[in-house]
Every structure is written in C-alpha cells, then in structure tokens.
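A short reminder: the numbers here are calculations on the coordinates, not readings from a lab. These figures come from a predicted structure and were not determined experimentally. Positions of Cβ are backbone-derived with ideal geometry, glycine not excepted, and every protein chain shown enters the neighbour counts.
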Amino acid sequence: MTDKEIHILIVENNPDTLEMLQRKVQSQRHIVFCASDVPHAITMVEQNKIDIILTDYKMPKLSGLDLIRHINAHHPVIKLIMITGYPTIEGAVEAVKVGAQSYITKPFTDDELFSAINEAIKSIELSVANKPKLNVELGKYGLVGNSKSMQKLYHIIDKSSSNQATVLIQGESGTGKELVARAIHYNSKYHQAPFVPINCGAIPESLLESELFGYTKGSFTGANTSRAGYFITADGGTIFLDEISETSLSMQVKLLRVLQDKQVMMIGSNKARKVNVRIIAATNKDLAVCIKQGTFREDLYYRLNVVPIMVPPLREHSEDIPGLVQHFLTKYARELGQSIPRISENALKRLMQHPWQGNIRELENLIYQLVLMRETNDIRSADLPDYLKYTIESAIDYDRTLAQVEADYIRDILKLTGGNKALTARRLGIDRKTLYNKLDRLRLQ
C-alpha cells in the first residue's frame, strides 16, 4: 500500500448510506470528501485534490454514469468506482464502458468495498504502461485512410490518372480537395510536368484574367513587360482551379472557351496560343444550386464535370480518424523537434465522436495545437478543448454573496445529517453554540 495520502470523494444522495460509507472509508485512514449529488461532486473535484471517486448509480436528475462521463473527460487520472443497488449486466458493462474502474452492488461487505478501493490505489501506483503506437493507415497516393469511402476515392483517382479528362472535385471545405487533385496529377504520366494550383476566390476579379491568361507588354498601364499566365505556365501539365464557383459569369465564358478550343488569349494579344493543359476544378458549393441561382453557367458545369469526384466529409469516414491523428502527431512532432506523443483511448474516442464541421483541416489544426502546447508525452481527454468534452455544470453560483454561500452550505450539511445539530456542528468544525448562533443569524432555524 502506498504511503501517499489518498483523497476519496463519496457521492451518495442517501444521508445514512453516505455517513456509513464515510465512516468505513475513514477507518482505512483515507481523507474523505462527501457530496449528495452530481453537481456538488463536480464542485468538490474542482476545489480539491481527488484520487478516487466512489459514486452511487441512481441519483436524482444526474446519475453516477453522468458523473463518470464528466470525470473521465476532464480528470482522467481520477479512479472511479460505481456502487448500485440495481445490479444488471447491462449496467456493469455501461459503467465500465464510460470509465468506471470497478462496479460493486449493494449490499456489499467491507471486504468488497476495501478491495475495490485498494485496486484503485494499486492502479494509481502503477506507472502508465506505454501503449502501442497507432498504425498510420496510409492509403494509395499518400492519402491517409482505408475506409470504404477512401477506397472508392482511390479507385476514381486511379481511373482519372490514366487520362487527361477534365475533373470536377466537389466537397466541403477542409476535406482535402487539393490533395486529391495533386494525387491525380502526380500519379499520371504527366507527373514531371507542372502542377499549378490557383485559388480563384483569393484573386481579385480585376486581376484574375491577367493572372490566368497572361498579358503582353503595354497592354495596360503598368504592363512594362509581357507575362505568361498560369495556363501557359501549366502547359503540358495540370492547372487546378480551386473555388471555381467564385468566378464571375464573364470569366466563366472565357474559361469555357479554353476548355472548348484548348487555346488562351493573352491580354493585349490578337493571336491565340495553343495549350495542352489538363484542367481540374474544385468547389465547396453545390454547382447545381448555383446554376439555379444564376451564378454559374450550366454549359461550363457540363464541360468541367467529365469526371466527377465527391470527397466525403470526415464525419462520414470517422474510422479513418485514428490514422489521421497519428499522421499529424508524427508530422508536427518532427517539425517541432519533439518526441511523438501518445494519445489516450478516451481522447481518441472523443475525436471520433466529434462531427468536424471543418473536416480534416480542423482536425489537423487541433492536433498541431495539442502537440505545440502539451506538457507531457501523453495527450489525454482532459487536454482536449472544452467543446470536445462531456461536461456537467458544477454547483457553483458566482452571483451569491458570502452569507448565501454559508447558509446554503449549512443547509446542505443539515440535510445530510438529517437535522442532527451535534453531528452538523462536528462536520462544520465548530461547536454547537456557534452553530446555533449561525442558524439564528442566517434564519435557518
């Protein structure tokens, strides 16, 4: 047994049972805290050092399972023991699943109680064993993931890489549309030719034509030299037009001409130039809706949509998250010159349950932040931002006055002791006369 003092929080809404458990646990020379419901238990954990929580299952409003979920998300080092008078196999499985270390049923013997506590203490004493590293499931083309969705995507990339057909990639922001475009280009026979990515939404409309098609010397004020545009730069290779939906209708007409004639006209020139360029376009918008709204040309859509690719959002292939997490942990740890951190099963579970509206980009940014800000070599669920944690509000009300806090606390202890003034005074650490004075002053009599 450890020489270290063990701090145990008992959570039980029945005052008699709570007092009985308190006496038994204190007999083993442990430091004991008590709470009659889940919100007060959360407050106790926030205000005190707690090693083990012994919690009843069935309580008003919030159950012991709710408490275990919260503690497991925010304070994973705390060991959790569930006590219940309603034993079922399903209940035991659920308790362990959400994070309880052990599960004992009423009525229990002293030996059963002390055995569960001692097992928790042994677990505290044991060094955390190094968990095997997650295997990064690298799919084809350097993309991460081997889910059915990704396998389908690899198949389309494979088919697209063997020709020069125009490709339209659609998908939500952050799903990796440019990575798909690069995979198509660099796995084709044109991989040694240029791959030129353009974000159409990032270039002002007044400059987009000159950037794409180029211009001749003297064609406009400031054109002191001739300059080839991106289409000419990409000759023999691939041009990637990201956010194609952000182009104006007049620019769409000019892009349509390039697709039809395979020629570009530099600004200021009266002669078209032939280009052998594969066009891959991408958008995070539904182009069918844009067509109905009159913001995108239907003829251009059909010219672009020769090979349609839909990149799935991360929430539709969450089974790939472990591989992505390990990939980003390795990537950023190496960039920062650090050892590669481990991530706990609970933290990974929370990541897999999150909807990820920002998709892979959002996940990557979070992993970078976790690697950058970590204090140890382990990333636990408690290290995740609050929006990824299962959370219960504590019982603290910061709008109360000190007198109200004192009154509420005395009222809780009175309730806990069944109105026994002598026991209440002992629990408060004051004599009975002082208690009666406080009751009178706070009008609690």
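Of note:
- Relative contact order, percent, the stretch 1-40 [alpha-carbon distance under 8 Å, six or more residues apart]: 52
- Global form of the stretch 1-74, assessed from the alpha-carbon gyration tensor, a/c cut-off 1.5: oblate
- Helix 64-74 axis, angle to the chain major axis (alpha carbon atoms, nearest 10°): 50
- The orientation-averaged projected area of the convex hull spanned by the Cα atoms of the stretch 163-312 comes to 8.9 nm².
- Highest-first packing order for the peptide set 413-424, 359-370, 431-442 is 359-370, 413-424, 431-442, based on the mean count of other beta carbon atoms within 10 Å.
- Between the helical axis of 359-373 and the longest alpha-carbon principal axis of the chain there is an angle of about 60 degrees.
- Taking only the C-alpha atoms of the stretch 315-375, the Rg (one decimal) and the largest Cα-Cα distance, Dmax (whole number), read 11.2, 33 Å.
- Against the chain, whose longest principal axis comes from its Cα atoms, helix 321-335 is set at around 80 degrees.
- Helical mean residue ellipticity (222 nm; -39500 (n - 2.57) per DSSP H run of 4+; nearest 500) of the chain: -13000 deg cm²/dmol
- Once the Kirkwood radius over Cα pairs is known for the stretch 162-202, the Stokes-Einstein relation at 37 °C and 0.692 mPa s delivers a diffusion coefficient of 286 µm²/s.
- Considering only the chain, percent of DSSP beta bridges that pair antiparallel, nearest 5: 10
- Protection proxy ranking for 109-120, 269-280, using the average of other Cβ atoms within 10 Å per residue and placing the highest first: 269-280, 109-120.
- Per-peptide packing, taken as the mean over residues of other Cβ atoms within 10 Å, places 225-238, 376-389 in the sequence 225-238, 376-389 from highest down.
- Among Lys177, Lys58, the order by Cβ neighbours within 10 angstrom, fewest to most, reads Lys58, Lys177.
- From largest to smallest, the equivalent ellipsoid semi-axes obtained for the chain from the alpha-carbon gyration tensor read 65, 24, 18 Å.
- Fewest-first sequence of Thr216, Thr84 by Cβ atoms within 10 Å of each Cβ: Thr216, Thr84
- Karplus 3J(HN,Hα) series, Hz, for the stretch 34-51 with 6.51 cos²θ - 1.76 cosθ + 1.60 (x for Gly, Pro): 10, 8, 9, 7, 5, x, 5, 5, 4, 4, 4, 5, 5, 9, 9, 7, 10, 9
- Relative contact order for the chain, counting Cα pairs under 8 Å that sit 6 or more residues apart, in percent: 16
- Cα gyration tensor shape for the stretch 402-441, rounded if a/c is under 1.5, else prolate or oblate: oblate
- For the stretch 7-125, the C-alpha radius of gyration sits at 0.94 times the compact-globule guess of 2.2 N^0.38 Å, with N the residue count.
- Per-residue ³J(HN,Hα) for the stretch 307-316, Karplus 6.51 cos²θ - 1.76 cosθ + 1.60, θ = phi - 60°, Hz, x for Gly and Pro: 10, x, 10, 10, 8, x, x, 4, 5, 8
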